[in-house]
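Reading through the structure tokens given below for one structure.
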């Protein structure tokens, strides 16, 4: 099992726990808007670390961002594998081509 698969399994298990016992359960209890807000906060902190922080700070904030994104995806019933499949689908496309294809959809 990969790190992301283990993390996804842990998030799924903890979502069913009591909010007093699990941070993931606490986020779930607060609802999707709070989870989405946390993803935004972590994204901002990642950007700040990239611009003015150390490599270690960027790594830590990136981990926080991935974690909170995975919590949000779990709450929406979207397996992280679906995100990986979308990245696989885009492999070999230039970023400009991929972005242009979304305008047609």
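Data for the structure
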{"item": "Volume in Å³ per residue [convex hull over Cα atoms, computed for the chain]", "result": "146"}
{"item": "Angle in degrees between helix 95-104 and the longest Cα principal axis of the chain, rounded to the nearest 10", "result": "80"}
{"item": "Residue-span extension gain [residue 83 to residue 21] - 0.36 nm each, minus C-alpha spacing", "result": "19.5 nm"}
{"item": "Relative contact order (%) - criterion: Cα under 8 Å, at least six apart; region: the stretch 3-104", "result": "23"}
{"item": "Cα long-axis angle, helix 3-15 against the chain (0 to 90 degrees, to the nearest 10)", "result": "40"}
{"item": "Degrees between helix 55-75 axis and first principal axis of the chain (Cα, 0 to 90, nearest 10)", "result": "80"}
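Any read-out appearing in this document is the output of simple, stated calculations on the displayed coordinates, not a laboratory observation. The structure presented is a predicted model; accordingly, all values stated were derived computationally and were not measured.
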